[in-house]
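Novice: Pasting in a structure now, in structure tokens, and then I'll have a few things to ask.
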Amino acid sequence: MRGCKFCAIAEGKEEASVVYEDELTLAFMDINPLVPGHTLVVPKRHFPDIFSLKEPWGSACFLAAGRVARAVRAAFGAEGLDLLQLNGRVGGQSVFHFHIHVVPRYPGDGFGFFSKRRPVTREELERHAARIREAMEEVL
Ligand code: AMP
Ligand code: ZN
């Protein structure tokens with residue numbers, strides 16, 4: 001898509017430090033890493049987010065993320081690793097071409113799931129689960 005920087009990277013028109021590539025996906029270093037080794041996996045076709053992502057690109061991205069995760073862990077000696085995937089401006093997404101963040105984790109790296117959590121009842125969880133189960137029928 002014109003004006004999309006990850007499409008430009010996938011087309012070889014914008015510079016990127018590529019770590020992995022297959023027919024459907026590309027993985028490259030995040031230009032502004034949260035921690036050393038932070039890598040992004042993208043489909044080579046433009047999909048803005050998880051809601052629009054189609055097969056076979058979806059499966060291919062998650063398969064690639066697994067391969068990249070194992071390589072990043074080996075290369076950086078990471079003790080743990082987080083996969084992050086943000087959708088929508090309110091979800092923190094800033095580049096509207098679907099991507100999975102591969103973030104290696106090190107002891108004391110300071111990176112975390114910062115938000116305060118509020119306690120909920122089992123009833124509330126069950127109510128929410130029922131709403132999602134119902135919606136599941138519509139979206140599949
Ligand atoms: P998100 O907030 O999930 O949309 O994340 C977008 C990510 O893309 C950020 O972590 C940016 O640092 C990264 N990014 C933006 N432009 C580039 C680029 N040209 N090459 C590599 N990573 C980029
Ligand atoms: Zn794009």
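Novice: Counting alpha carbon pairs within less than 8 Å and at least 6 residues apart, what relative contact order, in whole percent, applies to the chain?
Specialist: Across the chain, relative contact order equals 23 percent.
Novice: Now a separate question. What net charge do the residues around residue 120 carry, taking every other residue with its C-beta under 11 Å from that of residue 120, with Lys and Arg at +1 and Asp and Glu at -1?
Specialist: +1
Novice: Shifting gears a bit: With a cut-off of at most 12 other beta carbons within 10 Å, and DSSP calling the residue loop, which chymotrypsin sites (Phe, Trp or Tyr not before Pro) in the stretch 64-140 qualify? Please list them.
Specialist: When the chymotrypsin sites (Phe, Trp or Tyr not before Pro) of the stretch 64-140 are filtered for loop state and at most 12 Cβ neighbours within 10 Å, 113, 114 remain.
Novice: Related question: Treating the angle as unsigned and between 0 and 90°, give the value, to the nearest 10°, between the Cα long axis of helix 57-76 and the longest Cα principal axis of the chain.
Specialist: Once rounded, the angle reads 70 degrees.
Novice: On to the next question. Give me the percent of the accessible area of the stretch 5-113 that comes from carbon and sulfur atoms, probe 1.4 Å, all protein chains in place.
Specialist: Carbon and sulfur: 56 percent of the exposed surface of the stretch 5-113.
Novice: Here's something else I'd like to know. If I take the Cα coordinates of the stretch 5-113 and project them onto the principal axes, what are the three extents in Å, biggest first?
Specialist: 36, 30, 25
Novice: Using DSSP to define loop residues, name the chymotrypsin sites (Phe, Trp or Tyr not before Pro) in the stretch 1-66 whose beta-carbon has at most 10 other beta-carbon atoms within 10 Å.
Specialist: 51
Novice: Please sort by residue number the GluC sites (Glu not before Pro) in the stretch 59-140 whose DSSP state is loop and whose Cβ has at most 13 other Cβ atoms within 10 Å.
Specialist: Here the GluC sites (Glu not before Pro) that fit, given the DSSP loop and packing criteria, are 79.
Novice: What Cys residues in the chain have no fellow cysteine's beta-carbon under 4.7 angstrom?
Specialist: That list is 61.
Novice: Please work out the average accessible area per residue across the chain, using the 1.4 Å probe convention, and give it in Å².
Specialist: With all protein chains present, the chain gives 69 Å² per residue.
Novice: Next question, about the same structure. Under a 5 Å amide H to amide H cut-off, with H placed in plane at 1.01 Å, what residues pair with residue 20 once short-range neighbours are removed?
Specialist: For residue 20, the qualifying residues are 27.
Novice: If you put +1 on each Lys and Arg Cβ and -1 on each Asp and Glu Cβ, how big is the dipole of the chain around its Cα centre, in Debye rounded to 20?
Specialist: 300 debye
Novice: Taking the Cα atoms only, what angle lies between the long axis of helix 122-139 and the longest principal axis of the chain, rounded to 10 degrees?
Specialist: Computed tilt is about 60 degrees.
The values are calculated or read from the model by the stated rules, or taken from the named source; none is laboratory data. Computed from a predicted model, the values in this text were never measured in an experiment. All Cβ positions, even for glycine, are placed from backbone atoms using ideal geometry, and neighbour counts span all protein chains on display. Note: accessible area is taken over every heavy atom of the protein model, side chains too, but ligands, DNA and RNA are not part of it. Shrake-Rupley method; radii C 1.70, N 1.55, O 1.52, S 1.80 Å.
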